[in-house]
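Only one structure is covered here, and it is reproduced in the block below.
The values are calculated or read from the model by the stated rules, or taken from the named source; none is laboratory data. On a predicted model such as this, the values are computed, not experimentally measured, just so you know. With ideal geometry, Cβ positions are generated from the backbone for all residues, glycine too; neighbour counts draw on all protein chains shown. The accessibility values were calculated without ligands, DNA or RNA, using every heavy atom of the protein model including side chains. Shrake-Rupley method; radii C 1.70, N 1.55, O 1.52, S 1.80 Å.
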Amino acid sequence: MTFKIFTEDIEARIKSVNKGNTNISHILNSKKHSISEEEFLTLISEEANPYIEKIALRAKQLTELRHGLVKGIYIPLYLSNICHNDCTYCGFSIKNKVRRKALTAEEISIELTNIYNRGYRNILLVSAERNGFSDIDYLKSAVALAKKIGFQSIASEFGAVDTEQASKLKRAGSDSFVLYQETFHVETYNRVHLFGLKKEYQHRLDGVTRAIEGGFQKVTLGFLGGLADYQFEALSLYRHFKYLQLNHWDVQFSLSIPRLNDAEGAIKSSYPVSDLTLTKLLSAFRISFPEMPILLSTRESKELRDGLTQICVTSLSCESKTTPGGYVQSNEELEQFSIDDTRSLTTLVNDLEKVGLEPVFKDWQIDLNGEF
Amino acid sequence: MLKIGNKTFKSRLMVGTGKFSSLELMGKTLIESKSEIITVSLRRIDLSQGDRRNILDFIPSGVQLLPNTSGARNADEAIKLAKLARAATGTNWIKIEVVPDPHYLLPDPIDTLRATEALVKDGFTVLPYINADPVLAKRLEDVGAATVMPLGSPIGTNRGIKTLEMLKIIIEQARVPVVVDAGLGRPSDAAMAMELGADAVLVNTAMAVSNNPLEMAKGFELAVRAGRIAYVAGLPKTNTQATPSSPIDSHLTGFLSNN
Ligand code: SF4
């Protein structure tokens with residue numbers, strides 16, 4: 001049995017929801033452990049916009065109860081921008097004539113050591129996707145290097161791997177797996193993914209299950225805001241989470257909704273996700289899944305990150321470079337997307353402390369990763 | 001006095017160190033709570049001696065440190081973390097948390113029992129966190145657990161004591177101290193647990209995310225003492241129905257005086 005998205009069904013469901021405003025307070029005061037799909041849809045409806053303050057307040061309460069006043073800090077390291085796919089929204093697309101670079105083992109080691117010495121213990125390793133994922137051994141050794149250097153939590157964002165590849169990454173020491181569907185809307189998906197393995201919608205969608213079968217017990221999912229109607233994306237993701245939780249009760253799922261921004265050669269968003277909408281979506285997911293970690297990257301502005309961290313975000317990246325390497329050697333022209341919040345680690349830490357939040361660099365123990 | 005393993009304590013309030021808005025505030029709250037047993041996640045302790053602040057430096061000296069195995073999803077992981085904790089902190093006390101369920105954070109009874117048994121044999125003083133399951137509590141006692149720590153309601157829900165009937169049975173049957181852990185959202189919940197006869201309670205979220213953790217710590221400290229005093233004094237019996245104060249018509253036994 002696999003998880004499938006039925007476009008008409010999702011669209012009809014969104015239309016059918018009774019979005020009566022009076023419902024909102026009722027939903028927010030619910031004593032249940034979580035809310036229903038119908039209630040989730042009410043919270044993300046346009047009619048709910050005027051109630052955003054109340055929705056955010058409820059989200060904040062649940063975040064504090066479940067996650068406290070601590071915020072995880074992580075940093076991404078891009079390993080390679082050699083890509084065999086053509087995604088119209090991405091600067092690394094095979095069609096774009098940008099300089100390609102895959103860090104060598106030595107370069108990876110230098111970058112990781114630099115990052116580690118600055119105090120980071122949680123790392124997100126990112127790589128563009130080569131077809132057939134022939135470079136699994138390359139990625140695996142990057143994970144192993146990170147483990148050796150002393151990182152306590154190592155996330156892998158390498159595309160939709162197969163089960164065996166996932167298992168190799170897990171055994172090398174990666175404890176969490178990141179996979180974005182980009183868009184759940186099949187027609188849109190086919191329109192923006194023109195070439196490469198990533199073109200296969202269902203293969204991508206099933207990637208999460210394969211990662212879990214390969215041994216991952218922490219998985220981050222999400223969509224790329226701006227490709228299709230946000231309610232469609234949100235309901236699809238909601239259903240995907242529900243499906244996954246039912247079938248994998250012992251896996252921890254996290255959420256992240258990055259938004260399209262300008263990258264080299266990229267298309268403009270046809271369904272822009274406003275700050276209000278993003279706040280509403282993340283809050284509604286928090287209210288539906290109180291336990292779920294929510295991540296927010298530096299592609300968002302300082303103001304938005306500060307605001308959402310008060311409400312529902314539990315994990316923040318910092319000082320990110322989206323070029324391969326970039327912490328020791330800078331390669332400005334190779335950026336995948338541009339960074340908005342450029343605060344230094346010291347500034348971010350101070351800003352969090354000022355509003356009564358405790359930045360946490362280590363909340364995992366490497367010995368819980370991989371084989372022992 | 002509360003006696004756990006071979007140690008005795010004046011305070012019956014244990015406090016957790018997660019979720020606080022700053023390590024400084026956490027440290028002050030711990031002092032205000034007068035707690036003598038303080039639990040900390042091994043996974044939060046930076047064993048690399050990096051220059052970032054270490055949570056251990058903010059825990060008042062002189063208390064019994066109770067490292068926990070939070071993050072472990074099975075017995076093997078818990079055992080591994082327990083040994084790391086012993087090496088890192090020098091104490092052989094360990095709170096076993098084996099939590100494979102990331103949604104409600106409910107503990108795994110089978111692997112908790114396995115880990116407890118193995119660690120007791122290895123010389124640890126083991127305090128397992130469990131669901132309010134009386135049979136499991138007895139099984140843990142049998143393999144040498146120093147206490148049992150049943151939950152009042154799921155962690156981080158502040159829902160109070162929802163496992164009341166099972167807690168009563170655990171307390172009635174226990175030969176080791178019973179520490180009610182998790183879900184105590186307000187001092188009255190803690191007082192209630194103590195009135196029931198719990199030997200101690202553990203509180204974290206309710207203090208950490210309170211608007212005023214220091215005052216809340218005081219509140220809990222008082223509540224735990226109040227509940228304990230009441231329990232020792234013996235609570236007055238309550239009846240669900242009013243007792244007739246004068247003899248009334250005895251329909252059932254009327255025949256006895258009918259001759
Ligand atoms: S989104 Fe990923 S797969 Fe698509 S072009 Fe960019 S790097 Fe390649």
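Observations on the model:
- Full-extension gain in nm, A:Thr347 to A:Lys31, via 0.36 nm per residue minus C-alpha separation: 109.9 nm
- Counting 0.36 nm for each residue step from B:Lys10 to B:Asp76 and taking away their Cα separation leaves a gain of 20.4 nm.
- For region A:156-236, the per residue solvent-accessible surface stands at 28 Å², with DNA, RNA and ligands left out and a 1.4 Å probe.
- Share of carbon and sulfur in the accessible heavy-atom surface of region B:134-198 [1.4 Å probe, %]: 51
- Other-chain or far-sequence residues with amide H under 5 Å of A:Val360's (modelled H): A:Lys71, A:Gly72, A:Ile73
- Summarising the strand pairing of chain B, around 10 percent of its internal DSSP beta bridges are antiparallel.
- Simple rule: put +1 on each Lys or Arg Cβ and -1 on each Asp or Glu Cβ in the protein assembly as shown, find the dipole, and look at B:Thr147, A:His248, A:Leu43; the Cα lying farthest toward the positive end is B:Thr147.
- Summed residue charge, Cβ within 14 Å of B:Val15's Cβ, Lys/Arg positive, Asp/Glu negative: +2
- Within the accessible area of chain A (1.4 Å probe), percent carbon and sulfur: 52
- Each of A:Leu112, A:Thr63, A:Thr88 was scored by the projection of its Cα onto the charge dipole of region A:1-115, and the greatest displacement toward the positive side belongs to A:Leu112; charges sit on the C-beta of Lys, Arg, Asp and Glu.
- Percent RCO, i.e. relative contact order, over chain B, from Cα pairs under 8 Å lying at least 6 residues apart: 17
- Amide proton proximity set for A:His84, modelled H, under 5 Å, gap of 5+: A:Glu129, A:Arg130, A:Asn131
- Taken over the alpha carbons of region A:1-100 as equal point scatterers, the Debye sum produces base-10 log I(q)/I(0) values at 0.11, 0.12, 0.15, 0.19 Å⁻¹ of -0.66, -0.75, -0.88, -0.94.
- Dipole magnitude of the protein assembly as shown, debye to nearest 20 (Cβ charges: Lys/Arg +1, Asp/Glu -1, about Cα centre): 1060
- A crude spin-label estimate for the pair B:Asn212 and A:Arg100, with each label 7 Å from Cα along the Cβ direction, gives 6.4 nm.
- Residues with amide H under 5 Å from that of B:Leu66, placed H, sequence gap 5 or more: B:Ile38, B:Thr39, B:Val40
- In order along region A:273-282, phi translates into HN-Hα couplings of 9, 6, 4, 4, 4, 4, 4, 5, 5, 5 Hz, rounded to whole numbers, per the Karplus curve 6.51 cos²θ - 1.76 cosθ + 1.60 with θ = phi - 60° and x for Gly and Pro.
- Listed residue (B:Ser35, B:Ile45, B:Ser21) projecting farthest to the positive dipole end of region B:7-58, Cβ model: B:Ser35
- Rh (Kirkwood; distinct C-alpha pairs) - chain A, Å: 20.9
- Taking 0.36 nm per residue of separation and subtracting the current Cα-Cα distance, fully stretching the chain between B:Arg53 and B:Leu222 would add 57.7 nm.
- Probe 1.4 Å - accessible area at B:Ser61, Å² to nearest ten: 110
- Cβ-placed point charges (K, R +1; D, E -1), dipole of chain A about Cα centre in debye, nearest 20: 280
- The separation of region A:29-83 from region B:118-140, counted between C-alpha centres, amounts to 36 Å.
- Total accessible area lost when B and A pair, probe 1.4 Å, Å² to nearest 100: 3200
- For chain A, the relative contact order comes to 25 percent (Cα pairs under 8 Å, sequence separation of at least 6).
- Chain-alone versus full-assembly comparison, region B:18-35, residues with accessible loss of at least 40 Å² (1.4 Å probe): B:Lys19, B:Ser21
- Spin-label pair B:Glu24/A:Lys4, simplified geometry with 7 Å Cα→Cβ offset, distance in nm: 5.9
- Karplus-derived 3J(HN,Hα) values for region A:136-152, using 6.51 cos²θ - 1.76 cosθ + 1.60 with θ = phi - 60°, are 4, 5, 4, 5, 4, 6, 5, 4, 4, 4, 4, 5, 5, 5, x, 5, 9 Hz; glycine and proline are entered as x.
- Averaging over all projection directions, the Cα-based convex hull of region A:169-257 occupies 5.8 nm² in the image plane.
- 20 Å Cα-Cα reach of B:Lys28 towards aspartates and glutamates, excluding residues that sit fewer than 8 places from it in its own chain: A:Glu64, A:Glu353, A:Glu358, B:Glu36, B:Asp57, B:Glu215, B:Glu221
- Reachable aspartates and glutamates from A:Lys15, criterion Cα separation under 16 angstrom, eight or more residues apart if same chain: A:Glu37, A:Glu38, A:Glu39, A:Glu46, A:Glu47, A:Asp229, A:Glu233
- Per residue, the convex hull spanned by the Cα atoms of region A:270-319 measures out at 82 cubic angstrom.
- For region A:315-320, the Karplus equation 6.51 cos²θ - 1.76 cosθ + 1.60, evaluated at θ = phi - 60°, returns couplings of 9, 10, 8, 8, 6, 5 Hz by residue, with Gly and Pro reported as x.
- When region B:2-257 is reduced to its Cα atoms, the Kirkwood hydrodynamic radius in Å: 19.1
- By the Cβ distance rule of under 4.7 Å, the protein assembly as shown has these cysteines without a partner: A:Cys83, A:Cys312, A:Cys318.
- Sorted largest first by accessible area at a 1.4 angstrom probe radius, with every protein chain in place, the residues B:Lys7, A:Lys354, A:Lys101, A:Lys71 fall in the order A:Lys354, B:Lys7, A:Lys101, A:Lys71.
- For chain B, calculated [θ]222 nm from helices alone, where every DSSP H run of n ≥ 4 adds -39500 (n - 2.57): -11000 deg cm²/dmol
- Distance-filtered residues of region B:151-176 - backbone nitrogen under 16 Å, label point 7 angstrom along B:Tyr104 Cα→Cβ: B:151-167
- Given A:Lys95/A:Lys148; B:Lys10/B:Lys218; A:Lys60/B:Lys34; A:Lys4/A:Lys60, the pairs whose alpha carbons are separated by over 26 Å: A:Lys95/A:Lys148; A:Lys60/B:Lys34; A:Lys4/A:Lys60
- Partners for A:Lys218 among lysines (Cα-Cα distance below 19 Å; same-chain residues under 8 apart left out): A:Lys71, A:Lys140, A:Lys147, A:Lys168, A:Lys170, A:Lys242, A:Lys362
- Dividing the Cα radius of gyration of the protein assembly as shown by 2.2 N^0.38 Å, with N the residue count, gives 1.05.
- Shielding score for B:67-74, defined as the mean number of other chain Cβ atoms within 10 Å: 2
- Most mobile listed residue (B:Glu195, B:Glu221, B:Glu24) in chain B, GNM with C-alpha springs under 10 Å: B:Glu24
- Net charge dipole, chain B: roughly 460 debye, given to the nearest 20, about the Cα centre with Cβ charges of +1 for Lys and Arg and -1 for Asp and Glu.
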